[in-house]
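Please read the structure below before turning to the comments.
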Amino acid sequence: MKIAILSSASGGGAGIAAYRIFEAIQKHHSDRCDVEFIDMQALCSVSDRVSPPVNATNGTIGNTHYTVDFASEVRPHIIKMLMKYDVLNIHWASYLLTIAEIFELAKTGKRIVFTLHDFYYFTGGCHYPSTCRQYLTSCKLCPQVNTTLMPQKDVEAAHNLKRMIFSFKNVTLTAPSEYIVRKAIEAKIVPQSRGITIRNAYEPITHKKRAANLDGRVHILVIADSFYEIRKQLQLAIDGFIKLAKLAPEKIENFVIHLVGRLDKEVLNQLTPHGYKVINHGHKSNHEDIVDIYCQVDYLLTPSLDDNWPNILVESSAYGVTPIVGPGHGCEEFTVELGAGTVLQDYSDIAVAEAISSLSKRLFKGKARSISMHNPLIISSSYINLFARDNI
């Protein structure tokens, strides 16, 4: 069985998850298949005329990336090259493949398995719908698109073409969270038999061990990478710490806040006047460096408004870090499945402050469960079994 795993890049959240699946299949199933990872370095990118590399959000109800794909071109040599594979596993492949090309491949009966890292492959172009529910039907009157970059008719056409792709019985949809799969089934993108939850793969670095924090304080990690993206709710995390400082200033000395990301100095400027001890780690691109920080902290605070199955939860929990997450999406599902962590009552600074206030330094009980959930052998075996399955 010859398999192609397609991802726009091997970096970024979706790219990292895709590459880990590739590595797991290569390591554990080389006797059963030949797998290749195809990204921008292996394949020419889509023409800017077809899929301009811009964020087409209008910034109203959300400002997460909005991908434009006019589906106006099919590159015959790309179709010919991909037809050599028995299975195409498509991850976040915007700018690598157009949806028109995916449709042409689907029409041939080629086995296609999507691994969704957000909503993009069943909307008109948004990656997270925010409060919009138009993707359930037709993506008419999209409230998120900047129509000077992608006219409304093209949003509807893209959504309709994606529905046509998933109408083929040789096309299956997977995602690491049941949340995303359930939304796709609810939108009648695929029937239940072709919507499957397969977790992300992750193998902890065995020589990395938790550091012993002898100061008795609770160490909390906050990722400080984007004030811009509303969905990430970085400001809410900061506001929660500030609210706690106002409500219970005597508790401030119990906590140490660890910041990782490009915006750490901006966050530092907001927190230090309130007396918190803040450790500024800066931006980290090397995975082992990030793991070293996981090994220093007790909790990860990430109050996203909407999310799938973030790598940072998968990774940090494997080193004994307890999640504190927002309600109503994949992060809550992760915490419930893990059997450890805190789900905020709502998206308010009071809710964040109350969650922080109740934290104590205790032994994390979800580490073994996390490692088991994301075991690369189990995850890759699930994919291989799915790839080998007859069309439904």
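For the reader, a short list of remarks on this structure follows.
- Subset tally (residues that are farther than 20 Å from E266 by Cβ and open to solvent by 30 Å² or more (accessible area, probe 1.4 Å)) for region 236-251: 5
- For region 139-153, a residue qualifies if it is more than 20 Å from S72 (Cβ to Cβ) and either among the small types (G, A, S) or in contact (Cβ under 8 Å) with a residue 12 or more places away in the chain (or both), and the qualifying residues are K140, P143, Q144.
- Tally of residues being assigned to a helix (DSSP H, G or I) and in contact with a strand residue (DSSP E or B) (Cβ under 7 Å, 6 or more places away or on another chain) across region 222-240: 1
- Test for P310: is it modelled with pLDDT of 95 or more, touching a Leu at 6+ places or on another chain (Cβ under 6 Å) and of a type outside the set (D, E): no
- From the list S358, S381, the lone residue that is free of Cβ contacts under 8 Å to residues at least 60 places away in the same chain, of a type in the set (S, T, N, Q), more than 30 Å from P129 (Cβ to Cβ) and open to solvent by 10 Å² or more (accessible area, probe 1.4 Å) is S358.
- Residue list for region 28-47, filter: within 23 Å of S8 (Cβ to Cβ) and either in a helix (DSSP H, G or I) or open to solvent by less than 60 Å² (accessible area, probe 1.4 Å) (or both): C33, V35, F37, I38, D39, L43, V46, S47
- The listed residues are I21, I3, and the only one of them that is in contact with a Phe, Trp or Tyr (Cβ under 9 Å, 6 or more places away or on another chain) and under 29 Å from D306 (Cβ atoms) turns out to be I21.
- Within region 269-295, the set of residues being more than 20 Å from A248 (Cα to Cα) and of a type in the set (D, E, K, R) comprises K284, E288, D289, D292.
- Condition met for S94 (at negative phi, under 17 Å from the mean Cα position of the chain (by Cα) and touching a residue at least 12 places away in the same chain (Cβ under 8 Å)): yes
- Meets criteria (part of a strand (DSSP E or B), touching a strand residue (DSSP E or B) at 6+ places or on another chain (Cβ under 7 Å), open to solvent by less than 70 Å² (accessible area, probe 1.4 Å) and touching a residue at least 60 places away in the same chain (Cβ under 8 Å)) for I25: no
- Sole exception among (1) in a loop (DSSP other than H, G, I, E, B); (2) over 24 Å from the mean Cα position of the chain (by Cα); (3) at pLDDT 95 or above for Y347, by number: (2)
- Qualifying residues in region 1-22 (those that are surrounded by fewer than 17 Cβ atoms within 10 Å (Cβ to Cβ) and not in a loop (DSSP other than H, G, I, E, B)) - the one nearest to the chain's Cα centre (by Cα): G12
- Any hit, region 58-69, residues being in a loop (DSSP other than H, G, I, E, B), aliphatic (A, V, I, L, M) and either open to solvent by 10 Å² or more (accessible area, probe 1.4 Å) or within 26 Å of N311 (Cα to Cα) (or both): yes
The values are calculated or read from the model by the stated rules, or taken from the named source; none is laboratory data. No experiment lies behind these values; they were computed from the predicted model shown. We place every Cβ from the backbone using ideal geometry, glycine too, and count neighbours over all the protein chains shown. Quick note on the areas: whole protein, heavy atoms, side chains included, nothing else; ligands and nucleic acids left out. Shrake-Rupley method; radii C 1.70, N 1.55, O 1.52, S 1.80 Å.
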